[in-house]
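Engineer: Supplied in structure tokens, the structure appears directly below.
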Amino acid sequence: MSSEPKSQTERLDPSKWRNVPAILMAAGGLFAIIGFFVNRVQFAYSWLLAFMFCLSLCLGALFLVIVHHLFDAGWSVPIRRFCEHITTLLFPWMALLFLPIAFLAKSIYPWMTEKHPSLDHALQAKQPLFSTAGFYLVSAGCFLVWWALTNRLRYWSLKQDETGAALPTYRMRRWASVGVWLYALTLTLGVVMWMKGLEHEWFSTMYGVYYFAGSTWLMLATAYVITMVLDRMGVLTEVLHEHQYYFLGSLMFAFTVFYAYVTFAQYFIIWNGNMPEETFWYIVREQGTWWYIGLVIIFGHFFIPFLALLRIDVKSRFYFMLPLCVWAWLMHWSDLSFNIMPVLHKDGFPWQWLWLDAGCLAFMVGLLSWRFLKEYAAHPPYPIKDPRLVEAMGYYHPVPTQISGGELGETDDLRDAPPQFRGARR
């Protein structure tokens, strides 16, 4: 059930927002095309920034689906379906959005155009990964693995809706048990090649974990908003309980701390080691206005959400959580910009190109939203035959009891449940 009384909850009318994805695609695409002809290199970096942001959402959703099956979670059943649809955007849509990066790779990654790569010790030490062939093979491998994982997980999830048998549940658990290792490997390789590779001389063993922490944090905020919207539309209302909002808020709080820990650990280890091959990355980001962007990330990405989520009750208050989730989007985008843009703009944040950054992001968000809504409307809005759906709703399976006449009855746990769920058993 919603965290607000049904009588006081106004239903959202989806028809008002039906054209938003098309508007975002049209406006964002126009800005992106203009930027491509005005400054091709800046377009490439702005496109990469938007791509890594959207990739965070998709990979964060994939992690939530995998963890759901690994831990046989009950509370996350109602939100699993829209997470599955978000993961399937990785292929082919994110793969298609990667094509401009693949075509403009030599404009983005300086190591690809070095005249004497044999004299670059850092580049030689990272062969064959940091080679032109290695770049494209790793990229293709990442998308291939993500396609296999997302396709099979959603296939068996929809098969569970059809049959209600135990086999789809076991198959999804098996794919998740293998997928968690492939997920960690491909996420790390992807972020190292596409984002960390902008400055190939830099060494950091925490970078993959750092991107993972930020991606999951972003997706948890997004999942909270999507759940709230679908609840207000009446799509998930009957299968939700207040604990879905509470658990999403609690996980968001946990990943706020985890992100801060990983980010600080990376900085502290590099600062303590004091090696030029590592410290230069932070020195570049202390120049000009990047220093202030760094402070914004420290306070906005950690202190503000950390203090805001300390109270238990606020995690179920929409008027409080919605602005915080929007804030999470802004902070994650700022964090990715802090990683990418100093390579091209060492003196400070490129405010003059903010319109191009926004245009590329708007186009991608519009395209992915359009595909997500189309897929979501074509299938049941939640796993209708998942064995833990009743548990997710806040009801518990009845325990047989002896009653007069020698017949077995059941406890009162499901008396208030919808008729189709009464009499359910484990």
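Every number here is computed from the coordinates shown, using simple stated rules; none is lab data. Predicted model, so just to flag it, every value in this text is computed and none were measured. Ideal geometry is used to build each Cβ from the backbone, glycine not excepted, and the neighbour counts take in all protein chains shown.
Engineer: Rg over Rh of region 210-354, using C-alpha atoms and the Kirkwood radius, what does it come to?
Structural biologist: 1.06
Engineer: Under a straight-distance cross-link criterion of Cα-Cα below 16 Å, which lysines are reachable from Lys126, leaving out those fewer than 8 residues away in the same chain?
Structural biologist: Result set, ordered by chain and number: Lys196.
Engineer: Okay, helix-only estimate at 222 nm for the chain: each DSSP H run of n ≥ 4 adds -39500 (n - 2.57), divide by all residues, round to 500 deg cm²/dmol; what do you get?
Structural biologist: -21500 deg cm²/dmol
Engineer: Show me the trypsin sites (Lys or Arg not before Pro) within region 249-355 that DSSP assigns to loop and that have at most 12 other Cβ atoms within 10 Å of their Cβ.
Structural biologist: Within region 249-355, the qualifying trypsin sites (Lys or Arg not before Pro) (loop, at most 12 other Cβ atoms within 10 Å) are Arg311, Lys346.
Engineer: Right, next: Counting other C-beta atoms within 10 Å, which of Tyr207, Tyr382, Tyr261 has the fewest, and how do the rest follow?
Structural biologist: Least crowded to most crowded, the residues run Tyr261, Tyr207, Tyr382.
Engineer: With 10 angstrom as the radius, rank Ile86, Ile108, Ile283 by how many other C-beta atoms surround their C-beta, starting from the fewest.
Structural biologist: Ile283, Ile108, Ile86
Engineer: Angle check, please: helix 20-38 long axis (alpha carbons) against the longest principal axis of the chain (alpha carbons), in degrees 0 to 90, nearest 10.
Structural biologist: Helix 20-38 sits at roughly 10 degrees to that axis.
Engineer: For region 70-79, just list the computed ³J(HN,Hα) in residue order, Karplus coefficients 6.51, -1.76 and 1.60, θ = phi - 60°, integers in Hz, with x standing in for Gly and Pro.
Structural biologist: 4, 9, 6, 6, x, 5, 8, 4, x, 8
Engineer: Continuing with this model, one more query. For region 174-231, compute the orientation-averaged projected area of the C-alpha convex hull (one quarter of its surface), in nm².
Structural biologist: Hull-based average projected area comes out at 5.3 nm².
Engineer: Please work out whether the chain counts as rounded, prolate or oblate from its C-alpha gyration tensor, where a ≥ b ≥ c are the square roots of the eigenvalues and a/c under 1.5 means rounded, while otherwise a/b larger than b/c means prolate and anything else oblate?
Structural biologist: prolate
Engineer: Please work out whether region 1-152 counts as rounded, prolate or oblate from its C-alpha gyration tensor, where a ≥ b ≥ c are the square roots of the eigenvalues and a/c under 1.5 means rounded, while otherwise a/b larger than b/c means prolate and anything else oblate?
Structural biologist: oblate
Engineer: Turning to a different aspect of this structure: In which sequence would Phe247, Phe264, Phe63 go, from the one with the fewest C-beta neighbours within 10 Å to the one with the most?
Structural biologist: Phe264, Phe247, Phe63
Engineer: Another question, then. If you keep only loop residues by DSSP, which trypsin sites (Lys or Arg not before Pro) in region 66-115 have at most 11 other Cβ atoms within 10 Å of their Cβ?
Structural biologist: Sparse-neighbourhood loop trypsin sites (Lys or Arg not before Pro): Lys115.
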